[in-house]
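Read through the structure below, which is laid out as structure tokens, and then see the notes.
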Amino acid sequence: MYCKNCGEFVPKNREECPFCGSKDLYVEEKQVETKKKEEKEVKQAKPVQQVQRYDDYRNDYSSFGISLVCFLVPFAALILYMVWKDEYPLKAASASRGGLIALILTIVATVFLFYEVSGIVAAYYAKLVA
């Protein structure tokens with residue numbers, strides 16, 4: 001026997017449902033399955049706003065040109081990424097890729113130059129002391 005209120009299986013000797021406390025216990029198995037299936041469909045249904053269509057992204061594409069511009073002007077990468085991240089995810093990825101490469105190369109160049117300059121200064125200081 002199944003509970004009419006919550007749809008759970010209840011042993012025949014019970015007078016009320018142990019799950020929800022309802023006294024309406026006599027429901028056919030097909031009705032319970034239909035009710036559970038409807039609840040499952042409601043849980044799985046996506047809101048209309050989350051459904052993505054091809055028309056929304058037809059102007060979205062990955063571009064080497066965008067990456068190059070963002071490599072040359074890294075601050076533009078941040079701005080373009082923030083503007084495009086929701087509407088054009090592929091363009092945003094191109095912008096972030098160019099900006100990230102520029103950032104990494106800037107850090108490597110800075111470390112290398114600091115190392116070279118410190119070596120030159122150390123050599124100059126060694127000449128002065130000697």
Exercise. Out of all the residues in segment 6-22, is one or more of a type outside the set (V, I, T) and either within 30 Å of L105 (Cβ to Cβ) or modelled with pLDDT under 65 (or both)?
Worked result: no
For this session: Please work out which residue is nearest to N59 (Cα to Cα), limiting yourself to segment 83-130 and to residues that are under 24 Å from the mean Cα position of the chain (by Cα) and of a type in the set (V, I, T).
Result: V83
Exercise. Name the pairs: first residue in segment 103-119 and in a helix (DSSP H, G or I), second residue surrounded by 10 or more Cβ atoms within 10 Å (Cβ to Cβ), Cβ to Cβ under 9 Å, at least 6 apart or on different chains?
Worked result: L103/P74; L103/A77; L105/F71; T106/P74
For this session: Determine, yes or no, whether D55 is at pLDDT 80 or above and either open to solvent by less than 70 Å² (accessible area, probe 1.4 Å) or acidic (D, E) (or both).
Result: no
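The values are calculated or read from the model by the stated rules, or taken from the named source; none is laboratory data. What you see is a predicted model; the values in this text were computed from it and never measured. So basically every Cβ, Gly included, is an ideal-geometry build from the backbone, and we count neighbours across all protein chains shown. To get the accessible areas, we keep the full protein, side chains included, count just its heavy atoms, and leave off ligands, DNA and RNA. Shrake-Rupley method; radii C 1.70, N 1.55, O 1.52, S 1.80 Å.
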